[in-house]
Amino acid sequence: MKGVKKRYLIGGVILLLVVGYLFYLSFGSSVSYYVTVSEFFARGTELYNTNVRVAGRIADSPVDWDAEDLELRFSITEGGDNMTVIYQGAKPSGFKAGSSILVEGKYHSDGMFRASQLIMKCPSKYELEE
Amino acid sequence: MIETGHIALIIALPVALFSAIALIVGIRVSSKRLVAGARFSVFTVSVLYTLSLAIILYAFVAKDFSIRIVAEHASRDLSAVYTLSALYADKAGSMFFWGWLISLFTTMLALQKGDYYQKIMPYALAIMAIVEIFFIALVTVVVNIFEKLPSLPPDGWGLNPLLQNFGMLVHPPLLYLGFAGFMVVFALVMASLITRCQATEWSSGVRGWAVFAWCVLGLGNLLGMWWSYNELGWGGYWAWDPVENAGLMPWLLGTAFLHSIVMLRQRNYLQTWSLVLIIFTFALTLFSPFITHGGIESPLHGFYGSPFPPYILAVILITLVGSLWLLSRRRHAFEKGVKPESLISRESSFLLTNIILVVLAFIVLAGTVLPQIIKALGGTHIALERSFFDRTCGPLLLVLVFLMGVCPLLGWSKSAWPSIKRNLLYTFLATVVMAIGILISGVGNWYATAAIICGLPLLTICVEWYRGTRARHRTGKENYLRAFFSLLNSNRARYGGFLAHIGIILIALGIIASSFYNMEKTATLDIGDSLNIGDYRLTYNELVLKQDNVKVSAVASVSVSRKGHTVGVMRPSYDYWFSHQDHFAEVAVRTTAAEDLFTSLVWTGYDPEDKTATFRVLVNPLIVWMWVGGGFLLLGGVVAFTSREKRLSGEKR
């Protein structure tokens with residue numbers, strides 16, 4: 001009986017260690033900063049070339065869609081700051097001037113944000129904004 | 001007319017309050033009349049609630065836009081079926097619908113027969129009634145579901161086109177059914193704890209409800225994935241978004257509970273553990289609306305501006321504190337269970353399954369709430385990417401599937417090595433041979449891994465079935481088919497479980513294949529252009545523009561050939577909806593047993609002269625097996641649910 005308990009304990013500790021290690025490993029590499037456009041620029045060049053999520057609204061400026069090269073170019077704005085975003089792919093549903101959007105990707109030193117993913121922060125998925 | 005519904009709901013509130021108080025007082029002073037009166041008022045609540053629901057649905061069907069909820073989610077041109085489903089597209093409407101299911105289940109519970117139920121009934125009903133009061137208060141006091149608009153709009157806003165899909169018709173009600181089912185299990189278990197029912201007794205009493213809730217919640221989650229795949233146009237089905245995790249977490253813990261009560265019934269083992277599991281399962285079913293109503297920020301979707309989260313959080317905390325306190329008071333009186341003698345036994349593998357499920361639920365919970373907690377504590381605002389969940393949950397899920405293959409081969413209490421070797425060796429060798437074959441054929445390494453991990457449990461189940469059937473065939477002189485069905489019938493709980501396992505294995509197979517082997521391509525084509533992906537060649541033939549009073553549709557016709565043979569025409573479309581002033585893609589999917597060809601039209605200029613269009617095309621291998629797996633899950637649930645085992649309470653006589 002005692003032996004079984006001990007073995008359980010050892011097994012449990014090993015399991016915990018493995019899970020803890022997995023957790024630690026994944027957490028570190030999967031974490032990215034979540035900032036608004038103005039917060040991004042307030043940090044200077046600190047967040048350049050790192051994976052970030054930037055929240056803002058789609059600006060009124062014209063949206064460029066190059067169907068040949070599948071390149072979408074638009075601006076997002078928040079807190080008085082603007083950021084030009086380039087995305088390889090078509091407009092998602094809900095993409096309109098004024099909509100809240102999350103862009104995921106890297107800001108390059110050429111002044112362009114290259115997004116790997118666009119997430120429409122669309123509260124109206126279920127309901128209309130009041 | 002509409003007012004009647006409102007009044008019915010308002011009356012239901014004090015009636016529910018009366019039933020809760022009468023039950024508690026009736027038990028205290030042991031007044032049978034008071035308890036009977038409370039039972040009657042439980043029925044009254046569900047009658048009033050049903051009347052109220054019928055009237056609000058009538059308002060939807062009649063398109064009465066003077067009612068706010070109708071105006072916000074329905075419109076004149078909305079089809080009848082989706083007009084009804086528009087109810088749970090609303091934040092209050094969804095809680096209202098869920099509350100109705102709870103009132104229905106409370107009545108069903110009050111009608112249950114048997115010694116066990118009679119003993120614990122007043123307590124279980126009191127718990128249900130208290131929860132019911134909370135739900136009714138949400139839609140009458142906190143917000144008024146019958147709220148009228150100040151002026152009558154000419155038409156409603158209409159239902160979001162993304163929600164006009166079969167998946168969204170059934171996904172929310174299935175989730176709520178599962179949640180309400182787990183609430184019944186929780187109420188029964190807590191009542192058993194109060195009345196000092198022994199675990200062997202209640203574990204049989206709650207089993208049916210637990211199987212029901214688990215099966216329905218599992219299907220609800222799967223249909224949510226099906227909807228995401230077929231409607232959202234991104235070609236995936238799971239993004240680890242908080243609102244998705246919200247439905248997954250209670251299911252994971254519910255699965256653990258379902259397995260731990262097997263231990264309870266067979267060995268009276270894992271009592272406290274099972275109790276803790278059901279308490280947290282119930283808490284997580286409430287945490288789910290907390291998330292979808294905006295308690296946790298979700299980038300994808302949810303109910304906007306809902307006032308409910310603080311109230312829900314309060315109820316979760318009260319539930320946790322109250323039930324854990326009760327548990328700590330009662331646990332000293334528990335009967336001693338039978339502990340397993342060996343590490344290699346069925347008990348141990350059940351225990352390991354349980355631990356992994358709990359760890360999985362914990363990881364998902366941590367990943368969902370940690371970024372929010374860090375932010376709330378004044379830390380940096382961070383986001384967790386999908387890869388976090390994939391990397392942590394993926395390996396654990398594989399271990400879980402693998403265990404399904406080992407567990408049935410182990411004996412209770414103690415397994416002798418020779419019997420394990422005999423049972424496991426051939427199936428294991430067979431899977432290894434299969435995996436090597438796949439590796440040599442060059443399909444890919446991940447397929448080989450998948451074959452070992454998914455193949456072993458699949459083979460084990462088949463071998464178990466074959467052995468049982470053969471034994472019956474030999475002793476009972478039944479033919480093989482008869483023998484197989486009478487085997488299933490002999491222990492429906494066990495074989496229903498096996499069927500559900502097949503379902504999970506198939507789902508795992510679909511997930512592994514579609515995660516590691518999918519191909520994706522986006523291209524802009526002109527009429528006559530082609531694109532190649534995998535074995536497929538897609539040719540863009542025509543674009544037809546259609547307009548009705550709801551939307552403008554651009555329907556592309558794309559002919560598809562595979563390895564040079566024409567296999568058909570696909571028609572994805574790109575629709576502009578006037579009501580939402582927005583574009584929505586309707587995908588076209590060609591499904592075969594081996595793979596799905598998924599096409600989505602993501603852009604076109606609606607120009608009759610220039611029909612250039614952008615297509616997103618994916619090849620998703622084996623994905624159809626996920627949905628087939630869902631069928632097995634349902635089948636297994638039904639077989640296990642109809643298990644006619646002897647009720648322990650009935651045996652006493």
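Observations, loosely collected:
- Top-ranked residue of segment B:574-594 - restricted to ones that are away from every other protein chain (no Cβ under 12 Å) and touching a residue at least 60 places away in the same chain (Cβ under 8 Å), ranked as surrounded by the fewest Cβ atoms within 10 Å (Cβ to Cβ): B:589
- For segment B:514-561, a residue qualifies if it is under 20 Å from residue B:236 (Cα atoms) and assigned to a loop (DSSP other than H, G, I, E, B), and the qualifying residues are B:517, B:518, B:534.
- Any hit, segment B:244-264, residues being in contact (Cβ under 8 Å) with a residue 60 or more places away in the chain, touching a helix residue (DSSP H, G or I) at 6+ places or on another chain (Cβ under 7 Å), of a type outside the set (A, V, I, L, M) and under 30 Å from residue A:90 (Cβ atoms): yes
- Residues of segment B:359-372 satisfying the condition of being β-branched (Val, Ile, Thr) and surrounded by fewer than 19 Cβ atoms within 10 Å (Cβ to Cβ): B:369
- Filter result for residue B:509 (part of a strand (DSSP E or B), among the aliphatic types (A, V, I, L, M) and either farther than 22 Å from residue B:574 by Cβ or within 14 Å of another protein chain (Cβ to nearest Cβ) (or both)): no
- Residue in segment B:279-297 that is of a type in the set (Asp, Glu) and at pLDDT below 90 present: yes
- Residue in segment A:21-35 that is in contact (Cβ under 8 Å) with a residue 24 or more places away in the chain and of a type in the set (A, V, I, L, M) present: no
Results for (1) crowded, with 17+ Cβ neighbours inside 10 Å; (2) under 23 Å from residue B:71 (Cβ atoms), shown as yes or no for each residue.
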{"site": "B:5", "(1), (2)": "yes, yes"}
{"site": "B:20", "(1), (2)": "yes, no"}
{"site": "B:23", "(1), (2)": "yes, no"}
{"site": "B:31", "(1), (2)": "no, no"}
{"site": "B:41", "(1), (2)": "yes, no"}
{"site": "B:45", "(1), (2)": "yes, no"}
{"site": "B:55", "(1), (2)": "yes, yes"}
{"site": "B:58", "(1), (2)": "no, yes"}
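Okay, residues lined up against (1) more than 13 Å from chain A (Cβ to nearest Cβ); (2) at pLDDT below 80; (3) under 28 Å from the mean Cα position of the chain (by Cα):
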{"position": "B:376", "(1), (2), (3)": "yes, no, no"}
{"position": "B:390", "(1), (2), (3)": "no, no, yes"}
{"position": "B:434", "(1), (2), (3)": "yes, yes, no"}
{"position": "B:446", "(1), (2), (3)": "yes, yes, yes"}
{"position": "B:453", "(1), (2), (3)": "yes, yes, yes"}
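- Any pair with Cβ under 6 angstrom, 6 or more apart, that starts in segment B:596-608 at a residue that is part of a loop (DSSP other than H, G, I, E, B) and at pLDDT below 95 and ends at one that is crowded, with 20+ Cβ neighbours inside 10 Å and of a type in the set (Gly, Ala, Ser): B:606/B:554
- Hey, residue B:316 away from every other protein chain (no Cβ under 12 Å) and among the β-branched types (Val, Ile, Thr) or not: yes
- Of the candidates A:29, A:75, A:116, the single residue that is touching a helix residue (DSSP H, G or I) at 6+ places or on another chain (Cβ under 9 Å) and among the small types (Gly, Ala, Ser) is A:29.
- Some residue of segment A:77-86 being within 21 Å of residue B:603 (Cα to Cα), surrounded by fewer than 21 Cβ atoms within 10 Å (Cβ to Cβ), within 16 Å of the chain's Cα centre (by Cα) and away from chain B (no Cβ under 11 Å): yes
- Meets criteria (free of Cβ contacts under 8 Å to residues at least 60 places away in the same chain, closer than 30 Å to residue B:125 by Cβ, in a helix (DSSP H, G or I) and not aromatic (Phe, Trp, Tyr)) for residue B:46: no
- Filter pass, residue B:571 being away from chain A (no Cβ under 14 Å) and in contact (Cβ under 8 Å) with a residue 24 or more places away in the chain: no
- Condition met for residue B:622 (modelled with pLDDT of 95 or more, more than 26 Å from residue A:68 (Cα to Cα) and in contact with a helix residue (DSSP H, G or I) (Cβ under 9 Å, 6 or more places away or on another chain)): no
- Take the conditions (1) more than 10 Å from every other protein chain (Cβ to nearest Cβ); (2) surrounded by 17 or more Cβ atoms within 10 Å (Cβ to Cβ); (3) more than 17 Å from the chain's Cα centre (by Cα); residue A:67 misses just one of them, which is (1).
- With respect to the stated conditions, residue B:464 fails to be over 33 Å from the mean Cα position of the chain (by Cα) and at negative phi.
- Flag for residue A:44 being more than 14 Å from chain B (Cβ to nearest Cβ), at positive phi and either surrounded by fewer than 16 Cβ atoms within 10 Å (Cβ to Cβ) or among the hydrophobic types (A, V, I, L, M, F, W, C) (or both): yes
- Residue within segment B:62-79 that is surrounded by fewer than 16 Cβ atoms within 10 Å (Cβ to Cβ), more than 26 Å from the chain's Cα centre (by Cα), in the same structural domain as residue B:11 (by TED's automatic domain parsing) and within 25 Å of residue B:10 (Cβ to Cβ) present: yes
- Hits in segment B:356-370 (condition: free of Cβ contacts under 8 Å to residues at least 60 places away in the same chain and either on the phi > 0 side of the Ramachandran plot or more than 7 Å from chain A (Cβ to nearest Cβ) (or both)): B:356, B:362, B:366, B:370
- Against the test of being facing chain B (nearest Cβ under 10 Å), touching a His at 6+ places or on another chain (Cβ under 8 Å), surrounded by 14 or more Cβ atoms within 10 Å (Cβ to Cβ) and at pLDDT 85 or above, the options A:35, A:52 yield a single qualifying residue, A:35.
- Verdict on residue B:521 being in contact (Cβ under 8 Å) with a residue 24 or more places away in the chain, surrounded by fewer than 16 Cβ atoms within 10 Å (Cβ to Cβ) and more than 31 Å from the chain's Cα centre (by Cα): yes
- Boolean, residue B:527 is of a type in the set (Val, Ile, Thr) and out of contact with any helix residue (DSSP H, G or I) (no Cβ under 7 Å at 6 or more places or on another chain): yes
- Contact map, segment B:375-404: first residue closer than 20 Å to residue A:22 by Cα, second residue modelled with pLDDT of 85 or more and of a type in the set (Lys, Arg), Cβ cut-off under 7 Å, separation 6 or more or different chains; pairs are B:383/A:53.
- Of the numbered criteria (1) in a loop (DSSP other than H, G, I, E, B); (2) away from chain A (no Cβ under 14 Å), the one residue B:325 fails is (1).
- Residue match in segment A:57-64 (condition: within 14 Å of chain B (Cβ to nearest Cβ), free of Cβ contacts under 8 Å to residues at least 40 places away in the same chain and touching a Ser or Thr at 6+ places or on another chain (Cβ under 9 Å)): yes
The values are calculated or read from the model by the stated rules, or taken from the named source; none is laboratory data. Only a predicted model underlies this, so the values are computations on that prediction, with no experimental measurement involved. Positions of Cβ are backbone-derived with ideal geometry, glycine not excepted, and every protein chain shown enters the neighbour counts.
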